[in-house]
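Just dropping this structure here.
The values are calculated or read from the model by the stated rules, or taken from the named source; none is laboratory data. Being a predicted model, the structure only gives us computed values, none of them experimental. Note that each Cβ is placed from the backbone with ideal geometry, even for glycine, and that neighbours are counted across all protein chains shown. What goes into the accessible areas is simple: the full protein's heavy atoms, side chains included, and nothing from ligands, DNA or RNA. Shrake-Rupley method; radii C 1.70, N 1.55, O 1.52, S 1.80 Å.
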Amino acid sequence: MEALATQPEMSLAQRWQRLREEQPKLRIRNAAEALGVSELELLLCREDGVQPLKPVFGGLLSAMDDVGDVMILTRNDQVVHEVTASFRKFTVAGKGTMGLAVGDIDIRVFLNQWAYGYLVTESVGSITRESLQFFSDHGQALHKIYKTSTTNRDAWDRLLGNYLDKERPFPELLAAPVREPRADAEAVDVAALRNDWSGLKDVHHFHAMLKRNNVDRLTAVEVVGKEWVTRLKATTLETHSPLDAILEQVKSSHCPIMVFVGNPGIVQIFTGTVGNLKRTGPWMNVLDKGFNLHANTYGIRDWFVVRRPSADGTVTSLEGYNAQGDIVITLFGKRKPGQPESTDWQREVATLESALCE
């Protein structure tokens, strides 16, 4: 692969074609990484099947109600989260910078990160597949919406008629932002952090609390102490991850959970029970009707049980972080604001801690 990425006489399209010949099942995200470019750069190498969308993405998502079932996909480097359902009342807030849908499709969207969108038409075997794909200003794929066999085709086509952009110029992508360094654990005022943490009344205020204490999330979790955080044993070739364990537990008990997966542009949430679990090499998979999860647990280095106080009582999560310190997946028990956490979920987490406490 290194040779492919260092042959200046070959165009990017030619290098991608050669890579596909060598690895026909390679996904575009992985191909882009192998070729040293963004996913959007690679997508735009195609001669057809890629049409730009008007950059009014909040309006487009707000207009999805009539389209019916779609498959939405959000991912980061380690986890892919797929939900098949219908949009209901996507709303835009924060002067157009944020949006959310709450229902079978449950997403929190940071629209200020969304720069480009495209209708992508591609052939997969004998099937023609259409999707709406959204990217950052440096070409990172943020979110994808796929037309399904149960999508209202007329409503889908009307949506495209309103939001396809025939005049949009070719994008000028920016360089990827430089990653901010993690906080120096030795410089963190741990006593102040613990005091602030213990005073939380709403889990949605957690990020503001971290900012006040000049600490990133992973460092805070590492230093705040055992009153609030339990580190779990990491995945090895011989031992499956805490994700395997908790999913097997809640499958057996039918305990409903919430699974959060995100990237800089969106957080996508599933709420419900899980049933069809399958481990394939480094991947732990949920393969249920309406919800698929694919987690490369070999790429998730750190796992923690994290507890935070709230006005509704303690809220408990299982959190996975990659080697760069990014949170890539979070699991909670099913809960609505104003309700206490379920005792069933608390029991499942206590069982996990007993088995995997480091």
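Work out, step by step, the length gained on full extension between Asp157 and Asn214: first 0.36 nm times the residue separation, then minus their alpha carbon distance; give nm to one decimal.
On the way: separation 57, 0.36 × 57 = 20.52 nm, distance 4.77 nm.
My answer for the length gained is 15.7 nm.
Please report the net charge: other residues with Cβ closer than 11 Å to the Cβ of Trp228, K and R +1, D and E -1.
On the way: positive: Arg194, Lys226, Arg307, Arg308; negative: Glu227.
That works out to +3.
With contacts defined as alpha carbon pairs under 8 Å and 6 or more residues apart, what's the relative contact order of region 289-350 in percent? Spell out each step's value before the answer.
On the way: 85 pairs, mean separation 16.0, N = 62.
Contact order relative to length: 26 percent.
While we're looking at this one, here's another question. Taking the alpha-carbon distance from Lys144 and a cut-off under 12 Å, which aspartates and glutamates remain once sequence neighbours fewer than 8 residues away in the same chain are dropped?
Correct list for Lys144: Glu82, Glu130.
Can you tell me the accessible area per residue over the chain, all protein chains present, probe 1.4 angstrom, in square angstrom? Numbers along the way, then the final one.
On the way: 18240 Å² over 358 residues.
Per residue, the chain has 51 Å² of solvent-accessible surface.
Considering the chain as a Gaussian network with a 10 Å cut-off on Cα pairs, which listed residue, Phe206, Phe57, Phe170, attains the greatest mean-square fluctuation?
Phe170
Expressed as a whole percentage, what fraction of the accessible surface of the chain belongs to carbon and sulfur atoms when a 1.4 Å probe is rolled over the protein heavy atoms? Intermediate results must be reported in sequence, preceding the final value.
Details: 9080 of 18240 Å².
After summing per-atom areas, the C and S share lands at 50 percent.
Let me ask another. What size of dipole, in debye to the nearest 20, comes out for region 136-217 about its Cα centre when the only charges are +1 on Lys and Arg C-beta atoms and -1 on Asp and Glu C-beta atoms? Provide the component values of the computation, followed by the final result.
On the way: 13 positive and 13 negative charges, 71 e Å.
So the dipole magnitude of region 136-217 works out to roughly 340 debye.
Also, I was wondering about something else. Just to confirm the number: angle between the C-alpha axis of helix 12-22 and the first principal axis of the chain, 0 to 90 degrees, nearest 10?
Tilt of helix 12-22: around 70 degrees.
Along the charge dipole of region 129-195, pointing to its positive end and built from +1/-1 on Cβ of Lys, Arg, Asp and Glu, which listed residue (Gln140, Ala185, Leu164) has its Cα farthest out?
Among Gln140, Ala185, Leu164, the one farthest towards the positive end of the dipole of region 129-195 is Leu164.
Note down the nm distance, to one decimal, between modelled labels 7 Å out along Cα→Cβ at Ser252 and at Arg168.
4.9
Can you tell me, using C-alpha contacts under 8 Å and at least 6 residues apart, the relative contact order of region 62-168 as a whole percent? Write out the running numbers ahead of the final one.
Details: 187 pairs, mean separation 27.6, N = 107.
Computed value for region 62-168: 26 percent relative contact order.
Relative contact order of the chain: what whole-number percent is it, with Cα pairs under 8 angstrom and at least 6 residues apart? Walk me through the numbers before you get to the answer.
Values: 677 pairs, mean separation 57.0, N = 358.
It rounds to 16 percent for the chain.
Once the principal axes of the Cα atoms of the chain are found, what is the range along each, listed largest first in whole angstroms?
Sorted from largest, the Cα extents of the chain read 57, 48, 40 Å.
Sum -39500 (n - 2.57) across every DSSP H segment of at least 4 residues in the chain, then divide by the residue count to get the 222 nm mean residue ellipticity, nearest 500. Before the final figure, lay out the partial values.
Details: 10 runs with 90 residues, N = 358.
Estimated from H runs of four or more residues: -7000 deg cm²/dmol.
Under 18 Å from a label point 7 Å along Cα→Cβ of Lys289: give me every residue in region 138-154 with its amide N that close.
Once the point is set 7 Å along Cα→Cβ of Lys289, 148-151 turn out to lie under 18 Å by backbone N, inside region 138-154.
Please report the net charge: other residues with Cβ closer than 13 Å to the Cβ of Leu100, K and R +1, D and E -1.
+2
Can you give the extra length, in nm with one decimal, that the chain gains between Leu12 and Gln324 once fully stretched, where that is 0.36 nm per residue apart less the Cα-Cα distance?
Numbers: separation 312, 0.36 × 312 = 112.32 nm, distance 2.80 nm.
Here the segment from Leu12 to Gln324 would lengthen by 109.5 nm.
Turning to a different aspect of this structure: Within a Cβ distance under 10 Å of Ser86, other residues only, what is the Lys/Arg minus Asp/Glu net charge?
Numbers: positive: Arg88; negative: Asp65, Asp66, Asp69, Asp104.
Result for the local shell: -3.
Turning to a different aspect of this structure: About its Cα centre, how strong a charge dipole does the chain have in debye, to the nearest 20, once Lys and Arg get +1 and Asp and Glu get -1 at the Cβ? Let's see the in-between values first.
Numbers: 41 positive and 46 negative charges, 128 e Å.
Result for the chain is approximately 620 debye, rounded to the nearest 20.
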